[in-house]
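Undergrad: So that we are looking at the same thing, I have put the structure below in structure tokens.
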Amino acid sequence: MKIYLLLMLIFITSQAATIDGWQRPLTIPEPKDNPITPQKIKLGKLLFFDKRLSRADDISCATCHDPKFGWADGVAQAVGDKEQKGKRNSPTIINSAYLKSFFHDGRASSLEEQALGPIEAEVEMNISVEKVLKKLNAIQGYKKLFLEAFGDAEINKENLAKAIATFERIVVSPPTKFSRWANGEENAMNRIQKEGFDLFLNVGRCKSCHNGFNFTNERFANIGLGDENDLGVYDLNETTNKIWKSTFKTPTLINIENTAPYFHDGSVKTLKEAVHICGNGGRKPVKSRSPFFRDRKYTADETDITVEFLKALSTPKIDIEIPTVFPQ
């Protein structure tokens, strides 16, 4: 009897250790100077989907962060003003409320800072914030909404950023098969998906970079894709240390099945290929590859099983009513 109780204790402890920290917190973090309110969410949602925030009134934030594509855009590199193609893939904004840095190179330190970046980017919305403010201040419907949200009908740069960021902040992951399993629903994941999680943790050592409920450590790495033209963090000119060359932020894996193509350059079309690359030390044995990113000699079967687990981190549909009528 004592042996049985001991075995049960070991089993329960190991299960707790397995799922501890993998559940998304129910509360959404919010800055002290920009608390979440229904008025800001309503305003931010309209701004997020309104194409008038671009130079030619043809691009919105949702163009690159579309709910239908897991809040990404389904193309290798983002396409912006005048059909210009950027050099990087659009990252999902899901669970961005929990992040500490933004963009593939982490150059923004808040959602408020991130929100205005694409507006002025030449290959994205390609318009100055000043011109956007002029547009918005001429729209009485928006002046009314800004008054309700901020107590001031005069639309300024700070409140524009706060409104968009507030909407982005509430775009959080709904329950997935994995999160339900992590919360104690034993049959939420099937046997293959549970095996995949075990491979993810132990053989692939994927948790070294993709850990916690958001499946990212938010650190930066060169994973051997062989793209030496885009230097990532190194291009920010904040360091001359070559170790930062071609390093990019570890992305979340939440909703990963819906956000193809993959990696910062969008060069990988399938989840299977992405897992194969990560499980086998990258695509090319480049000298600048991060030292902890190693060849785990992942087999084809291990790759397939891991893919099945990753599908358990996704939901087939994001339920949101997309605005079709905008303030006038």
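The values are calculated or read from the model by the stated rules, or taken from the named source; none is laboratory data. Treat the numbers as computed from the prediction; the structure is a model and nothing was measured. Cβ: placed from backbone, ideal geometry, glycine included. Neighbour counts: every protein chain shown.
Undergrad: Filter region 208-241 down to the residues that are among the hydroxyl-bearing types (Ser, Thr, Tyr) and modelled with pLDDT of 95 or more and list them by number.
TA: Thr216
Undergrad: Since Arg296 meets every condition but one in (1) farther than 26 Å from Asn95 by Cα; (2) basic (Lys, Arg); (3) crowded, with 21+ Cβ neighbours inside 10 Å, which condition does it not meet?
TA: Just one mismatch for Arg296, condition (3).
Undergrad: Quick check: is even one residue across region 70-80 assigned to a loop (DSSP other than H, G, I, E, B) and aromatic (Phe, Trp, Tyr)?
TA: Scanning region 70-80 turns up at least one residue that is assigned to a loop (DSSP other than H, G, I, E, B) and aromatic (Phe, Trp, Tyr).
Undergrad: Can I ask one more? Consider Ile170 carefully, then state whether it is touching a residue at least 12 places away in the same chain (Cβ under 8 Å), touching a helix residue (DSSP H, G or I) at 6+ places or on another chain (Cβ under 9 Å) and under 27 Å from Asp301 (Cβ atoms).
TA: Considered against the rule, which asks whether it is touching a residue at least 12 places away in the same chain (Cβ under 8 Å), touching a helix residue (DSSP H, G or I) at 6+ places or on another chain (Cβ under 9 Å) and under 27 Å from Asp301 (Cβ atoms), Ile170 comes out as no.
Undergrad: Filter region 279-303 for residues that are out of contact with any strand residue (DSSP E or B) (no Cβ under 7 Å at 6 or more places or on another chain), of a type in the set (Asp, Glu) and either without any contact (Cβ under 8 Å) to a residue 40 or more places away in the chain or not assigned by TED's automatic domain parsing to the domain that holds Gly232 (or both) and give the result.
TA: Scanning region 279-303 gives a single hit, Asp301.
Undergrad: What's the number of the condition Gly141 fails, among (1) of a type in the set (Gly, Ala, Ser); (2) touching a residue at least 60 places away in the same chain (Cβ under 8 Å); (3) buried (at least 17 other Cβ atoms within 10 Å of the Cβ)?
TA: Every condition holds for Gly141 apart from (3).
Undergrad: Inspect region 307-316 for any residue being within 24 Å of Gly106 (Cα to Cα), in contact with a Ser or Thr (Cβ under 8 Å, 6 or more places away or on another chain), at pLDDT below 90 and in a loop (DSSP other than H, G, I, E, B) and give the result as yes or no.
TA: No, region 307-316 contains no residue that is within 24 Å of Gly106 (Cα to Cα), in contact with a Ser or Thr (Cβ under 8 Å, 6 or more places away or on another chain), at pLDDT below 90 and in a loop (DSSP other than H, G, I, E, B).
Undergrad: Still on this structure, I have one more. Can you tell which of Ile223, Ile243 is within 19 Å of Arg294 (Cβ to Cβ) and in a loop (DSSP other than H, G, I, E, B)?
TA: Being within 19 Å of Arg294 (Cβ to Cβ) and in a loop (DSSP other than H, G, I, E, B) holds for just one of Ile223, Ile243, which is Ile223.
Undergrad: Might you let me know whether region 151-164 holds any residue that is surrounded by 15 or more Cβ atoms within 10 Å (Cβ to Cβ), outside any helix (DSSP H, G or I), among the β-branched types (Val, Ile, Thr) and out of contact with any Leu (no Cβ under 6 Å at 6 or more places or on another chain)?
TA: no
Undergrad: May I ask you to list the residues in region 270-287 that are in a loop (DSSP other than H, G, I, E, B), in contact with a Gly (Cβ under 7 Å, 6 or more places away or on another chain) and at pLDDT 90 or above?
TA: Matches in region 270-287: Gly281, Gly282.
Undergrad: Right, here's the next one. Name, by its number, the condition in (1) assigned to a helix (DSSP H, G or I); (2) surrounded by 18 or more Cβ atoms within 10 Å (Cβ to Cβ) that does not hold for Leu133.
TA: (2)
Undergrad: Something else: Considering each of Ile155, Ile164 in turn, give the residue that is of a type outside the set (D, E, K, R), in the same structural domain as Phe48 (by TED's automatic domain parsing) and under 17 Å from the mean Cα position of the chain (by Cα).
TA: Ile164
Undergrad: Which is acidic (Asp, Glu), more than 23 Å from Val325 (Cα to Cα), surrounded by fewer than 16 Cβ atoms within 10 Å (Cβ to Cβ) and touching a residue at least 24 places away in the same chain (Cβ under 8 Å), of Glu113, Glu148?
TA: None of the other options fit; the residue is Glu113.
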